[in-house]
Structures are given as C-alpha cells and as structure tokens.
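The values are calculated or read from the model by the stated rules, or taken from the named source; none is laboratory data. Source: prediction; values computed, not measured. For neighbour counting, all protein chains shown are included, and Cβ atoms are generated from backbone atoms with ideal geometry for every residue, glycine included. Side chains included, ligands, DNA and RNA excluded: accessible areas come from the protein's heavy atoms. Shrake-Rupley method; radii C 1.70, N 1.55, O 1.52, S 1.80 Å.
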Amino acid sequence: MRKIGLCLGKYAPFHRGHAHVIETALREMDLVKVIIYQSRLTSIPLNKRAAWIRECFPHRVEPITAPDGPEETGYSPEIMKCQEEYVLKVLKGTPIHSFYSSEPYGEHMSRALKCRNRQVDPRRIHIPVSGTMIRENPPAFREFLPPPVYFDHIIKAVFHGAPGTGKTTLARALAEKYACPWMAEYGREYWEKHQRNRRLTGEQLLELALIHRKKEVEKAYIGGDYFFVDTGALSTYHFALDYHGSAVKELELLADDCRDRYDLHFLCGDDIPYDDTEDRSGEVHRSLFQRRFRRDLDRREIPYVLLEGSLNERMDRVARELNHYKENRTW
C-alpha cells in the first residue's frame, strides 16, 4: 500500500525549515500532502504560498490550500478538536501513515489521524529560523529562504521596449546606484550562439525565455532591496511574432505571466538616438516594434510607466516609482 505523509502550516513565508520537514517526509513516504492555511499573520496570498511549495517540490508533493481553515491556535480541547475535525474533513478519508511537524500539535493531530507522530527538528537545531523572524526582515534571513521565495520578497522592476531603447544601460545604472543585482538581457547571448540567418526557431525562443527566468531567480538571490530586469518573456514573445508571426503556446503563457511576475513595469521610450548593432534590424523597425509593444501592454492591461528623456531623467522617474511602491506595498 502506498504510504502517504501529511504536513500542515501557514508557510508565511515558506522557508528552509519547512522544506526540511517535507524533505524528511519524502525520504520516507510515497506521497506527501501539505495543507496550507489562511492566516491573519501575513498578506501573502494563499495561492502564492502554495505555488512556492509546488516550485520547490514539483514531484510527489500535493499542496492543498485551506482558505476556510480554522485560524485559532492553541491547545485547549475546543481548539484541538476544531483543528482535528477540519483536517479529517479535508482528507476525506485518505489514510495517513505519518504526520510530519516540528511542533507540539503533532501529538494530538497524529492521534486523531491514527498515524505515526513524526517530529522533525523540533528544537530548530538544524534550521535555526522561524517565520516570525523572516517576516520582520526577509533580506536578513535570505539564506533560510529558497530562491523562488526570496525572489517574490524583493521588489522587481522590468524594463520593456524595442531594441535600442536604453534598457540595458538603465538597468545597469540603477543596479549600481542601489547596490542591487540586475538581470542582463540573456536573449542577446543566446542569439549569438544559436541564430541561423539572424533568426531563432519558436522552440529556441521558448528555451531562451525559460533560461532567462531561471537566471533571474539565481541573480536576485545575491540580495538587495531591488532587482532590475532587462527585458522578460514578453519581449521574447514579441520576437517570436516578429520572426514567425506567432509564438509556441508555452511562450505565450510565459508572456502572460509577466504581469504578476514583476512588481513594476517600465516601457523605455524610443526618443533616444538609435545605436545599430548586428543583432538589430534598423531604426524604422525599432519604431514598429515599439508601437506593437505598447499596444500589447495596453491590451494586457499591464500598468506601466513610460520612461523618456536622458538617462538621469529616466533614473529619477524610476526612483520615484520605487519609493512609492515600497511605501504602499502590502507584503
């Protein structure tokens, strides 16, 4: 019979201590179910916390969101009974072999589930951190956050626009100003290695976008309050339209995801002198590409700020937007 383990928590945020519990369960179980509770402690959306677990554990782990779960915590008979009944309702009769936790509630929950109480690092010796500590200062505890989780905690600004609109220069200058990491346009490097007759196939453009996203998460983990991105999958999608008139479905989905992947979107204007290079197609093409990009941002209803003028003027506008966003961010 297949052995199923169970974990539960708020995962606000999901950190390496939580991961250690799930990793332990995976070594011992065939499948691990993870119930994720709604919580007043955090404004991080429930679905986002579930997505972290899916990204960190794409196989043999089943996250279960619990938007209507009981929020009362403690060890009174009434609270324990409420918690136990809710978990049993969510499981719908699924037999659990072992209940995994680092908390005292493992004792009464495993008793209700008629399963083994598997305690993992309850004294926080192996992973000395808690969600409370991280919530107070995420950058200070970066080492305890998986890269995808840390990526979602920093403020990310992406720069859109046609080739030759100053995205790279701006992203690099802002990273230097704020002593933060930045993601250079990977497309240029990929194009130089793989282009044939100045073109990439639809599958190559998808690969390019996937590698770029992976590198974003790796670069952002260096640390800092902000992360600046020189183009994203939306730009790659527009190159697919330019080359082939369409994009493969997976690339379309990555383009759609750009809206929520970044906190701030900037469209770099084409009001600066055009610097032609081997991988570009001329100033007239830049204007056409730019108009199409702007129409697409409007069509997708992605809020963006148009950046025009000198480098300093653009940097000043970005600085104002960063300050405003930081002051009003909910998490």
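Reported count of residues in segment 183-239, each being within 17 Å of Asp152 (Cα to Cα) and of a type in the set (Asp, Glu), is 3.
Taking each residue of segment 40-67 that is open to solvent by 70 Å² or more (accessible area, probe 1.4 Å) and looking for partners that are polar (S, T, N, Q) with beta-carbon atoms closer than 6 Å, six or more apart or interchain, yields Pro67/Gln38.
Determine whether Ala162 is modelled with pLDDT under 95, surrounded by 18 or more Cβ atoms within 10 Å (Cβ to Cβ) and part of a loop (DSSP other than H, G, I, E, B). Judged against the criteria, Ala162 is a match.
For segment 61-101, give me each residue that is in a helix (DSSP H, G or I) and in contact with a strand residue (DSSP E or B) (Cβ under 8 Å, 6 or more places away or on another chain). Outline the logic, then answer.
Of all residues in segment 61-101, those in a helix (DSSP H, G or I) come to 77-91.
Passing the criteria: Tyr86, Val87, Val90, Leu91.
Look at segment 248-265: where a residue is farther than 26 Å from Tyr226 by Cα and a partner is open to solvent by 60 Å² or more (accessible area, probe 1.4 Å) and part of a helix (DSSP H, G or I), sitting 6+ places away or on another chain with Cβ atoms under 7 Å, you get Val248/Glu203. If the Cβ limit is 9 Å and pairs must be 6+ apart or interchain, which residue in segment 203-222 that is free of Cβ contacts under 8 Å to residues at least 40 places away in the same chain pairs with which residue that is surrounded by fewer than 18 Cβ atoms within 10 Å (Cβ to Cβ) and part of a helix (DSSP H, G or I)? What qualifies is Gln204/His194; Glu207/His194; Leu208/His194.
In the list Glu252, Glu203, Glu218, which residue meets the criterion of being more than 22 Å from Ala51 (Cα to Cα), open to solvent by 50 Å² or more (accessible area, probe 1.4 Å), at pLDDT 95 or above and outside any loop (DSSP other than H, G, I, E, B)?
Glu203
Among the numbered conditions (1) in a strand (DSSP E or B); (2) of a type in the set (Lys, Arg); (3) under 24 Å from the mean Cα position of the chain (by Cα), the only one that Arg188 does not meet is (1).
Among the residues of segment 225-247, is any in a helix (DSSP H, G or I), open to solvent by 20 Å² or more (accessible area, probe 1.4 Å), out of contact with any helix residue (DSSP H, G or I) (no Cβ under 9 Å at 6 or more places or on another chain) and modelled with pLDDT of 95 or more?
Looking only at segment 225-247, we keep the residues that are in a helix (DSSP H, G or I), and these are 233-244.
Now drop any that are not open to solvent by 20 Å² or more (accessible area, probe 1.4 Å), which leaves 237, 239, 241-244.
In the following step, the residues that additionally are out of contact with any helix residue (DSSP H, G or I) (no Cβ under 9 Å at 6 or more places or on another chain) were identified as none.
No, every residue in segment 225-247 fails to be in a helix (DSSP H, G or I), open to solvent by 20 Å² or more (accessible area, probe 1.4 Å), out of contact with any helix residue (DSSP H, G or I) (no Cβ under 9 Å at 6 or more places or on another chain) and modelled with pLDDT of 95 or more.
Looking across segment 7-33, the residues that are in contact with a Leu (Cβ under 7 Å, 6 or more places away or on another chain) and hydrophobic (A, V, I, L, M, F, W, C) come down to Ala12, Val32.
Looking at Ile79, Ile64, Ile96 in this structure, which one is modelled with pLDDT of 95 or more and closer than 20 Å to Val149 by Cβ? Quick ask: steps written out before the conclusion?
Values: Ile79 fails: closer than 20 Å to Val149 by Cβ; Ile96 fails: closer than 20 Å to Val149 by Cβ.
Result: Ile64 is the single residue among Ile79, Ile64, Ile96 that is modelled with pLDDT of 95 or more and closer than 20 Å to Val149 by Cβ.
Filter segment 68-87 for residues that are among the β-branched types (Val, Ile, Thr) and open to solvent by less than 90 Å² (accessible area, probe 1.4 Å) and give the result.
The first filter runs over segment 68-87 and keeps only residues among the β-branched types (Val, Ile, Thr), leaving 73, 79, 87.
Within segment 68-87, Ile79, Val87 meet the criteria.
Has segment 298-309 got any residue that is open to solvent by 90 Å² or more (accessible area, probe 1.4 Å), outside any helix (DSSP H, G or I), within 18 Å of Thr169 (Cβ to Cβ) and in contact with a Cys (Cβ under 9 Å, 6 or more places away or on another chain)? Within segment 298-309, one or more residues are open to solvent by 90 Å² or more (accessible area, probe 1.4 Å), outside any helix (DSSP H, G or I), within 18 Å of Thr169 (Cβ to Cβ) and in contact with a Cys (Cβ under 9 Å, 6 or more places away or on another chain). Number of residues in segment 101-116 that are open to solvent by 60 Å² or more (accessible area, probe 1.4 Å) and either among the β-branched types (Val, Ile, Thr) or farther than 20 Å from Phe14 by Cα (or both): the value is 4.
State all residues of segment 310-331 that are β-branched (Val, Ile, Thr) and either modelled with pLDDT of 95 or more or surrounded by 13 or more Cβ atoms within 10 Å (Cβ to Cβ) (or both); if no residue qualifies, say none.
Val318
Name the single residue that is modelled with the highest pLDDT among those in segment 183-200 being open to solvent by 60 Å² or more (accessible area, probe 1.4 Å) and not charged (D, E, K, R).
If we filter segment 183-200 for residues that are open to solvent by 60 Å² or more (accessible area, probe 1.4 Å), which is where we start, we get 188-189, 192-194, 196-199.
Now narrow it down to the ones that are not charged (D, E, K, R): 194, 197.
Details: His194: 92, Asn197: 88.
Ranking the qualifying residues of segment 183-200, first place goes to His194.
When Cys258 is tested against (1) open to solvent by less than 20 Å² (accessible area, probe 1.4 Å); (2) modelled with pLDDT under 95, just one condition goes unmet, and that condition is (2).
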